[in-house]
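Inspection log for the structure reproduced underneath, given as C-alpha cells.
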Amino acid sequence: MDFRFSDREEAFRTEVEDFIKKELPAGWTEKNIYWPGGYGTLSEFEEANPHIEQFRHQLAERSWLNISWPKEYGGAGRTNIEQAIFHERMSYYRAPGGEVATLIGGPTIMLFGSDEMKKEWLPKIARGEARFWLAYSEPNAGSDLASIQTRAVEDGDDLIINGQKIWSTAAHVSHYAWMIARTDPNAAPHRGITLLIVDNQSPGVTIRPLTNICGSQSFNEVFFDNVVVPKKNIVGEKNRGWYYVMVALDFERLVIPIGGFKRTFEEITQYTKETKHNGQSLSQNPLIRNKLAEMAVEIEVAYMFFWQTAWMLDKGLVPNIEASVLKLFTTQLSQKLANTGMQVMGHYGPLERESKWASLRGRVQAGYLDCISALVGAGTSEIQRNIIAMRGLGLPRA
Amino acid sequence: MELGLSEEQEMLKTSARDFLQKECPKQLVRQLDESDTGYSSELWQKMAKLGWTGLVFPEKYGGSGGSFLDLIVLLEEMGHNILPGPFFSTVVLGGLTVLAAGSEEQKKDILPKIASGDMLLTLALTEPSARYDAPSVKTKAVAGTDGHVINGTKLFIPDANVADYILCVARTKKGKNPEDGITIFLVNAKSPGVKGTLLKTLARDKQCEVVFDNVSVPQSNILGKPDQGWPTVKDTLQKATVAKCAEMVGGAQAALEMAVQYAKDRVQFNRPIGSFQAIQHYCANMVTDVDGARFITYKAAWKVNEGLPSDMDVAIAKAWTSEACGRVTLLAHQIFGAIGFTMDHDIHLYYRRAKAGEIMFGDGDFQRAIVAQELGL
C-alpha cells in the first residue's frame with residue numbers, strides 16, 4: 001500500500017499545475033462561479049468564449065482532452081490515476097475541460113465502433129472539434145431510461161428520427177447528439193435501443209434552451225422532426241445500444257470535480273478567518289470550527305473514493321459500488337458544503353453575485369441552488385443507491 | 001499510488017478470518033463478555049503460536065517483523081469477529097509503547113514475553129476527566145531515594161484486570177507547559193498499593209478503575225526519558241486511534257454482511273425484504289459508510305506506518321469512522337427488526353462495540369477539534 005504519487009505521477013501533476021497556472025486567464029479561478037458537483041453553472045455553457053476555446057485548444061494540442069486514451073487514437077496513453085490527477089488539478093482551478101465526446105463518446109467508440117467510425121470520429125474528438133451532448137433523457141424517461149420513446153426508423157442507408165430529448169446539458173454549445181433511440185418497438189425495452197451520433201445542424205433538429213434555477217442556460221429541450229441520419233452513424237450494432245450505454249457508464253466514473261470541493265472549502269475557510277464578530281474571528285467559534293472540520297473530513301473521504309476508483313480501473317477491476325458511492329457521496333457533499341457556506345455567512349450567504357455586499361462573489365448562493373442538480377443529474381441519488389444495492393450487493397429486484 | 005493489500009496481507013486477512021470464525025464462535029464471545037477476565041487463555045496461546053502477539057516486533061525480540069499496516073489488517077479481522085480480550089491493550093497500547101521508547105534491556109525483557117503470549121500489558125493514561133490530553137494527567141509520581149512513589153486514580157483503563165504490567169502515565173514535574181514533566185512508568189500490576197476495579201460497561205469491554213496508592217516503582221522501570229514521556233504517549237495514541245478505527249471498520253463490515261444476508265433471506269409480503277427499496281437504500285448507505293471508513297483508516301495507517309506527519313489524517317479517520325460505524329450498526333438493527341432487539345441475536349454485540357469504539361481515544365467532536373486546529377483555524 002502506498003498513497004504517495006509515483007515519481008511519474010508527481011511529475012505529471014506538476015506539469016498540469018504549471019500549465020493551468022500559466023494558461024488560465026488571470027483571476028479565472030476566483031471569477032468562475034462553478035459549484036462542484038453541479039451541472040448548472042459550468043463556464044462551458046457561455047457561448048463563444050474565446051478564452052475557453054483557446055484553453056481547450058491548448059489541452060487538445062497536448063492530448064490532454066484524452067489523457068487515458070491510447071496514443072494511436074490521439075490520446076496521451078496515460079493511466080487512470082494520471083487522468084484522475086489531471087481532473088483533480090483542473091477542477092481545483094475550475095478550469096474548463098472535459099465534455100461528453102472526450103469522456104464518454106470517444107472511449108465507447110474505441111470499444112464498440114467500427115474501424116471506419118474510429119477513423120472518422122476519434123481524431124476529431126481528440127482535437128476538440130467534435131463536442132457531444134448526451135441525448136439520453138426524455139420527458140417521460142428520466143430515471144427509467146429504458147422507456148425512451150424517440151424513434152429511429154430505417155430508410156435505405158439512413159435512419160429517420162422523430163421524438164424529443166430533454167435536460168440536454170450543453171446541447172446548445174455542442175456539435176453532435178450522442179443519442180439513444182428506439183429502433184425495435186416490439187422488442188423488450190432494453191433490447192430495441194440503438195446508440196447513434198446525430199449532427200446538431202441536421203434539418204429538423206430544434207434546440208430550445210431551458211433556464212435553470214441558477215439563472216443560467218445549461219440545459220435544453222431538443223426536438224427531432226424527421227431528422228435524417230446516415231446509418232454509418234450507428235455506434236456498434238443496431239439494437240445493442242442499451243448494453244453500450246451501460247458499459248459507457250464506466251467511463252464517466254472519474255468525472256468528479258473533486259478538486260473543486262477542496263478549493264471551495266478553502267475559500268469558505270479563509271472567509272471565516274477574515275470575518276470578525278464581536279472582535280473575534282468566526283474561525284474561533286467552536287460551532288463553526290466543528291462544521292468546517294466536518295467538511296474537511298468528508299472531503300478527505302471523498303478523495304479516498306476518488307483515488308480508489310481510479311486505482312481499480314488501472315487494475316482492470318470494475319468499480320461499480322465504488323463508482324456509484326463516489327457519485328452519491330460527492331453530490332451529497334455538494335449540498336452539505338453549500339449549506340455549511342450558507343450557515344457560516346448568515347445574511348451574506350443569499351446575496352447574489354452582483355451585490356457589492358456579496359462574499360466570495362456570490363458563489364455560495366449559486367451553489368445552494370446548483371447542488372440540487374448534483375443530486376438529481378446523471379442518475380439521482382436514489383438510482384445510485386439502487387445500483388449499489390442490486391449490482392453491488394446482489395440484493396433482489398422488486 | 002498503490003492502494004491494494006500485499007499478497008502477504010491478503011493471506012493474513014483470510015487466515016485470520018478463518019481462524020477466528022472457527023476458534024472464537026459468538027457463543028465464546030458472549031461467554032467471555034460475561035466473564036471477569038474477558039479472555040480465554042487457551043485462545044490467547046493459540047494466537048501467540050500463530051505469531052499474532054509478536055506480529056509487529058522485530059525478530060530479535062521474538063517477533064515476526066511485521067509492519068504496523070500488517071497489524072491493522074489483523075485488527076480489522078479481530079473487529080470483524082469482535083474478538084474479546086487484551087490483544088489491543090497488550091500489543092498496541094503496551095507493546096508498541098515499549099518498542100518505541102523502551103531501553104534495549106526493557107525491550108529484550110518484555111517484548112519476547114508478549115510475543116510468546118506470556119505477558120499482558122496495558123496503558124493507564126485517562127483519569128476521571130476522561131480526556132486524552134496532557135493537562136489531564138494529574139496522577140503524581142514523586143522521586144524518592146530509590147525510585148518514585150505514584151499516587152492517583154486512573155479511569156477507563158482497558159484490561160487492567162488481567163494485565164501483568166501497567167504503563168502508568170504520571171506527572172513528575174509541574175511546569176508551564178503541561179506536556180513537560182510527564183513520565184511513563186512500568187508498574188507491576190501486583191505491586192502493593194495498586195488496586196484495580198472492573199467497571200461494567202455497555203460493551204462489556206473490560207475497562208477498569210486503577211488506584212495507585214503510594215506505589216513504589218524502581219528507577220529502572222521508567223520507560224523512555226523522565227519528564228519527557230508525552231511525545232511517546234502521543235505517538236502511542238496516534239497508533240492506537242488508527243488501530244481502533246481498524247477494529248471498528250471490521251465490526252461495521254460484519255454488521256453490513258449480516259444485514260445484507262438477512263435482507264436476502266427474510267421474506268415478508270411474499271418477497272425478500274431486500275427487494276424493498278427502503279431496505280436497499282439502507283444497505284447502500286451502509287456500504288458508503290463502511291468503505292469510506294476503511295479507505296480513510298488505511299490512509300491514516302499508511303501515514304503512521306511511514307512515519308509521516310499524521311495528526312490530521314488520524315483525526316479525520318477517527319472522526320469519520322466513529323460516526324460512520326455507529327450509523328452502520330444502527331441501520332443493521334433497523335433491517336433486523338425485532339429479532340435484533342433480542343439478546344439471542346448477535347447484532348447487538350456489534351452495536352455495543354461501535355459505541356465503545358467511538359468513545360475510546362476521542363469521539364467525533366474531539367477529533368474535529370483537532371482537525372480544526374490542523375486546518376489552521
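Numbers at a glance
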read-out	value
Inter-chain shielding of B:312-321 (mean C-beta neighbours from other protein chains, 10 Å cut-off)	4
B versus A: buried accessible surface, summed, Å² (probe 1.4 Å, to nearest 100)	4200
Shielding of B:361-369 by partner chains, average beta-carbon count, 10 Å	3
Trypsin sites (Lys or Arg not before Pro) within segment A:267-373, DSSP loop, no more than 16 other Cβ atoms inside 10 Å	A:LYS315, A:ARG353, A:LYS356
For chain B, built as a Gaussian network whose Cα springs stay under 10 Å, the top-fluctuating residue of B:GLY224, B:GLY147, B:GLY326	B:GLY147
Nearest-10 value in Å² for the accessible area of A:ILE193, using the 1.4 Å probe	0
Centroid-to-centroid separation of segment A:288-325 and segment B:318-377 [C-alpha atoms, Å]	20
Positive dipole terminus of segment A:254-329, leading residue within A:MET304, A:LEU317, A:ALA293 (C-beta point charges)	A:ALA293
Inter-part distance where segment A:353-369 and segment A:131-206 are each reduced to a Cα centre, Å	37
Accessible carbon and sulfur surface of chain A relative to its total accessible area, %, 1.4 Å	50
Diffusion constant of segment A:256-398 at 4 °C, which comes from Stokes-Einstein with the Kirkwood Cα-pair radius and 1.567 mPa s, µm²/s	78
Cα-based shape type of segment A:89-156, given that a ≥ b ≥ c are square roots of the gyration tensor eigenvalues and the cut on a/c is 1.5	oblate
For peptides A:142-148, B:314-320, A:255-261, sequence by mean Cβ density within 10 Å, most packed first	B:314-320, A:255-261, A:142-148
Exposure rank, largest accessible area first [A:LYS231, B:LYS154, B:LYS244; 1.4 Å]	A:LYS231, B:LYS244, B:LYS154
Cross-link partners of A:LYS165 among lysines (Cα-Cα below 24 Å; sequence separation of 8 or more within a chain)	A:LYS231, A:LYS232, A:LYS238, A:LYS327
Set B:LYS113/B:LYS234; B:LYS239/B:LYS318; B:LYS46/B:LYS113 screened for pairs whose C-alpha atoms are more than 18 Å apart	B:LYS113/B:LYS234
Under 20 Å from the Cα of A:LYS276 - lysines, other chains or at least 8 residues apart	A:LYS291, A:LYS356
Cα-centre dipole for segment A:1-87 with unit charges at Cβ (Lys and Arg positive, Asp and Glu negative), debye to 20	80
Size of charge dipole - the protein assembly as shown - debye, nearest 20, with Cβ of Lys, Arg +1 and Asp, Glu -1, no other charges	1300
Surface accessible to a 1.4 Å probe, per residue, for the residues of segment B:127-240, Å²	48
Karplus-derived 3J(HN,Hα), 6.51/-1.76/1.60, for each residue of segment B:167-172, Hz, glycine and proline x	7, 9, 8, 10, 8, 10
Order of exposure, largest accessible area first, which applies to A:ILE160, A:ILE372 with probe 1.4 Å	A:ILE372, A:ILE160
Largest-first principal axis extents of the Cα set of chain B (Å)	79, 51, 41
Cα convex hull of segment B:1-82 - mean projected area over all directions, nm²	6.1
For chain B: relative contact order, % (alpha-carbon pairs under 8 angstrom, 6 or more apart)	15
Accessible surface, segment A:210-348, averaged per residue in Å² (probe 1.4 Å)	40
Within a Gaussian network of chain A (alpha carbon springs, distance under 10 Å), most fluctuating of A:GLY97, A:GLY156, A:GLY106	A:GLY156
Taking chain A and dividing mean pair separation by its residue count, relative contact order in percent (alpha carbons under 8 Å, at least six apart)	18
A:TRP242 - accessible surface, heavy atoms, 1.4 Å probe, Å² rounded to 10	40
Range of Cα positions in segment B:210-281 per principal axis (Å), largest first	72, 25, 16
Calculated [θ] (222 nm, deg cm²/dmol) that DSSP helices of n ≥ 4 give over the protein assembly as shown, each run adding -39,500 (n - 2.57)	-14500 deg cm²/dmol
Per-pair calculated FRET efficiency, R0 = 51 Å: A:ASN285 and B:ASN151 via Cβ, rounded to 0.05	0.80
Karplus (6.51, -1.76, 1.60) ³J(HN,Hα), θ = phi - 60°, over segment B:30-39, in Hz, Gly and Pro reported as x	5, 4, 5, 4, 7, 7, 7, 7, x, 8
Global geometry of segment B:1-145, whether rounded, prolate or oblate, following the gyration tensor of its Cα atoms and the 1.5 cut on a/c	prolate
Cα principal axis extents for the protein assembly as shown, largest first, Å	102, 63, 46
Placed amide H near B:VAL194: partners under 5 Å, 5+ positions off or other chain	B:ASP213
Cα-based helix-to-principal-axis angle, A:286-314 vs chain A, degrees rounded to 10	30
10 Å Cβ neighbours from other chains, averaged over peptide B:269-280	4
Most mobile of B:PHE276, B:PHE57, B:PHE87 in a GNM of chain B (Cα contacts under 10 Å)	B:PHE276
Violating pairs (Cα-Cα greater than 24 angstrom) within the set B:LYS140/B:LYS195; A:LYS273/B:LYS174; A:LYS262/B:LYS303	A:LYS273/B:LYS174
Residue among B:PRO128, B:GLY147, B:ALA259 farthest towards the positive dipole end of chain B, charges placed on Cβ	B:PRO128
Reach of B:LYS355 by Cα under 15 Å, taken over aspartates and glutamates that are not fewer than 8 positions away in the same chain	B:ASP205, B:GLU247, B:GLU323, B:ASP363, B:ASP365
Convex hull of segment A:37-100 built on C-alpha atoms - directionally averaged projected area, nm²	4.7
Inter-site label distance for B:GLN21 and A:ALA146 at 7 Å from Cα along Cβ, in nm	3.4
Euclidean distance between Cα centres, segment A:25-65 to segment B:248-300, Å	40
Simple spin-label estimate for B:PHE341 and B:SER116 in nanometres, 7 Å along Cα-Cβ	5.3
Value of relative contact order over segment A:271-383, rounded to a whole percent, pairs C-alpha under 8 Å and six or more apart	18
A:ILE81, B:ILE279, reordered so the largest accessible area comes first (probe 1.4 Å)	B:ILE279, A:ILE81
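The values are calculated or read from the model by the stated rules, or taken from the named source; none is laboratory data. In this text the structure is predicted, and so the values were computed from the model without any measurement. Note: ideal-geometry Cβ built from the backbone for every residue, glycine included; neighbour counts use all protein chains shown. Just so you know, the surface numbers come from the protein's heavy atoms only, side chains and all, with ligands and any DNA or RNA stripped out. Shrake-Rupley method; radii C 1.70, N 1.55, O 1.52, S 1.80 Å.
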